[in-house]
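Notes follow the structure.
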């Protein structure tokens, strides 16, 4: 039965090409006459460029061209645009030249680029470009950069403050005056490196005869890339085709429009040949965006019984040296508006300072702003519980928003769609055996062993989002989606969508939706994405919006197909259209299911058009645009159980329980996979990962040898369950699931370690919680 | 100065003159066009480039093409036989052991090597056995399930 396809964990149709090595990623693209590009990058974090000598490089074997930022500029290639300027924040957007012209502002900043006949010749020649620098003072810390006498990065940006944004709900100062208790913390939500397994790449092909540009790109959003490229390369949008072939993970790092896109296009224009650029991993660590990097001062005010009355925070968000595509929206809209978490917090105020430093630009990394908010809230809840000697579960329940189905507005102004937070929490506690765990903890403590139980109850904002809101919050684009459903005469279906999945499995998920709704075999549906020439406009796959928004467009097109099918069936069966019903691939006359036409009959009749009612166009194809009326707010409860060795500081992750609610589940196997991966990345932040700069702006964690991308043996088997609270924001009731695991797991794990060490009087430990840091904190607390 | 090499790749003898510095992974990808083997790092951490050399899993970014002269190399493209997926490929598909797929070719080769050495690995054995390959998408849970499923299939 067709209706069973929705909600079933059918295997992914993406996989056969991926497990056999036949999938084509950007670096696998080979074109006739293709040549290779290599980028010369600054070894200094902040310096004046005195001279660029390209003579030696130009004369090297195979070299076809050596280019500088000035040449790009002279050819009309403009600065990389920042696509998100949050209103009311006095945001300064200093120019971000794709290749530095007179000043470099982070190590890895491009200063020149070379094109040669093969990869190694290009790289050799890049090494031979002689650049003279005059080093300038460096600042890498988001707070220190705002202090008097700090080195200044950009003209017209005093104290390196790019913006000051705030969110206010209620009267937070009065709340703090009335409170019985106040807890405070100074949180460093450290900088992370996204580490999509496929580094970035680009193949640019300029056709001089037609003026067309084709760019194969490792992008999460080819349509946005085309739009932005048209703005800064001086090429008309209709002449640009962006193809996202197989893309090997993104996690936000492949949203931005990057300088290398411009360089490759420029070089292809210069040489009239296809140009390929492929990032090395150590290049990726410096030239691809980083995530997080907040310094947060947080206070929570409450009454003696645990009722929270206010939350107040001041945040310094490190933006890096330049504004990447969406960077200013992350620590503001996607962060500050979620400070109520799953709780009734009537009074909230947060000031956010976006700060320039001599570091790689910071932009969206899985969770993007929400992990920084959730960590803050969940950490404060636990500190409050400790202060009041209450169980952290009790404090959560005391303040939790009760179940709701028709919207709940929090003090920051956003309205959550639907939620049953207590339901998820109860399920997680039951799975964990919470009472037993607490008993075991007490027994172990008596023996001097340190077991910790950490909770995180979260809601997050995703499924970005209504376009009207996007405009109101300064996002430089829309956030709707579109889809085309096309029936062929044989009854087979092509679907073209604007989203651009890169591992999330929507070719399968969307085929399930079409099969379920239109009663065709799942294998009779082909899903096409990731090519601006083949697909209708879409705003991309990020912010857990692929299914949440994309399925809305798909359902709209499906409805149009059904409506047209009804009209044609009524005509063919000489019935009134009001009497035609549709179910499971059949149009039939109400009350007489024998009088029917299959959807395949209708597809054939509509396509041959031998007998159409007056006014009905031939063909069975529909296009639909979907702009959601609200964001979606998935939620859940996660519990981490750890054992800390007080002698070595080592943390053993014993169990990890996750209950998540993403509304209607279309493919439970894929949903679980998203949760697994999300948890692993969030635990990575808590325990192992961190981008580290020295005071000179050198990236010490500059390769995979130095940055701890988690391995298989780092994790236990995650224990998962789901609850299903549908949203009314889209036709299927689906919420996003791509980021929940990352948002929830960092605070759950941190809270578990803090809980384990509570008897030792250990105060804040900065993430990642490496054995050395834990050991030092224990030693400090004991002395 | 180029050096002649003769390497049997997926059963077919390949003869070429290569630069001494050419890595085996670039020989496979650029010279032979076998792009199933991926490059994910430059420090031999990620394992995306893992292939079999004379029956053993090796990161092909740590081997020069000239070092592989005379050897037999199997890549992901050579794993299926007569259009039938290898048990390990099938298990990765069945158990959702991949998402973006970039680490997958190397991960599958690593997993095959593990089962050669330990045909009946525990969950713990698998987690340690695939440590040389990184995956950023799956949290490894379904990769572990896939490898154990393949082990069970091979025993049956």
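Just so you know, all these numbers are worked out from the coordinates, no wet-lab data involved. Everything numeric here is computed off the predicted structure, so don't read it as measured data. With ideal geometry, Cβ positions are generated from the backbone for all residues, glycine too; neighbour counts draw on all protein chains shown.
Observations, loosely collected:
- Where both bridge residues fall in the stretch A:624-783, DSSP classifies roughly 75% of the beta bridges as antiparallel.
- Ranked by how many other beta carbons lie within 10 Å on average, peptides A:358-370, A:179-191 from highest: A:358-370, A:179-191
- Pairwise centroid distance, computed over Cα atoms, of the stretch B:4-64 with the stretch A:219-282, Å: 28 Å
- With Cα atoms defining each centre, the stretch A:448-485 and the stretch B:115-156 are spaced 33 Å apart in the structure.
- Note that the stretch A:124-170 carries a Kirkwood radius of 13.9 Å, evaluated over its alpha carbons pair by pair.
- Each eigenvalue of the Cα gyration tensor of the stretch A:685-783, multiplied by 5 and square-rooted, gives one semi-axis; in descending order these are 33, 21, 13 Å.
- For residues of A:117-129, the mean tally of beta carbons on other chains within 10 Å: 1
- Averaged over peptide A:20-31, the number of partner chain Cβ atoms lying within 10 Å of each residue's Cβ comes to 5.
- Where both bridge residues fall in the stretch A:267-411, DSSP classifies roughly 50% of the beta bridges as antiparallel.
- Rg in Å to one decimal, and Dmax rounded to a whole Å, for the stretch A:220-289 via C-alpha atoms: 12.5, 35
- Here the stretch B:87-155 is described by how far its Cα atoms reach on the three principal axes: 29, 22, 17 Å, from widest to narrowest.
- From the C-alpha gyration tensor of the stretch A:213-365, square roots of 5λ in Å: 40, 15, 13
- Calculated log₁₀ intensity ratio I(q)/I(0) where the Debye formula runs over C-alpha points of chain A, q = 0.05, 0.06, 0.07, 0.09 Å⁻¹: -0.27, -0.39, -0.54, -0.87
- Dimensionless Rg ratio for the stretch A:156-287, taking C-alpha atoms and the 2.2 N^0.38 Å reference: 1.55
- Hull volume in cubic angstrom per residue (convex hull over the Cα atoms of the stretch B:3-78): 74 Å³
- Per-residue [θ]222 nm for chain A (sum of -39500 (n - 2.57) over DSSP H runs n ≥ 4, rounded to 500): -9000 deg cm²/dmol
- Scaled against 2.2 N^0.38 Å for its residue count N, the alpha carbon radius of gyration of the stretch B:22-149 is 0.99.
- Here A:352, A:762, A:522 are placed in order of increasing Cβ neighbour count within 10 Å, fewest first, which gives A:522, A:762, A:352.
- Per principal axis, descending, Cα span of the stretch A:598-740 in whole Å: 83, 40, 29
- Burial ordering of A:440, A:782, A:200, fewest other beta-carbon atoms within 10 Å first: A:782, A:440, A:200
- Legend: mean number of C-beta atoms from other chains within 10 angstrom of residue C-beta atoms, peptide A:667-677, equals 4.
- Equivalent-ellipsoid semi-axes of the stretch A:343-498, from the Cα gyration tensor, Å, largest first: 39, 24, 18
- Relative to its Kirkwood radius, the Cα radius of gyration of the stretch A:285-392 gives an Rg/Rh of 1.05.
- Percentage, to the nearest whole number, of Cα pairs in the stretch A:1-125 over 17 Å apart: 72 percent
- Helix-derived mean residue ellipticity, 222 nm - over chain B, DSSP H n ≥ 4, -39500 (n - 2.57), to 500: -8500 deg cm²/dmol
- Once you reduce the stretch A:342-387 and the stretch A:127-183 to the center of their Cα atoms, the two points are 15 Å from each other.
- The stretch A:1-67 - convex hull of the alpha-carbon atoms, volume per residue in Å³: 242 Å³
- Rounded to 5, the percent of DSSP beta bridges in chain A classed as antiparallel: 80 percent
- Counting neighbouring Cβ atoms within 10 Å and putting the fewest first, the residues A:612, A:496, A:444, A:376 line up as A:444, A:612, A:496, A:376.
- Cβ-Cβ distance of residue A:238 and residue A:472, R₀ of 30 Å, FRET efficiency by 1/(1 + (r/R0)^6): the value works out to about 0.55.
- Computed over the stretch A:468-613, the range of Cα coordinates on each principal axis works out to 53, 32, 26 Å, biggest value leading.
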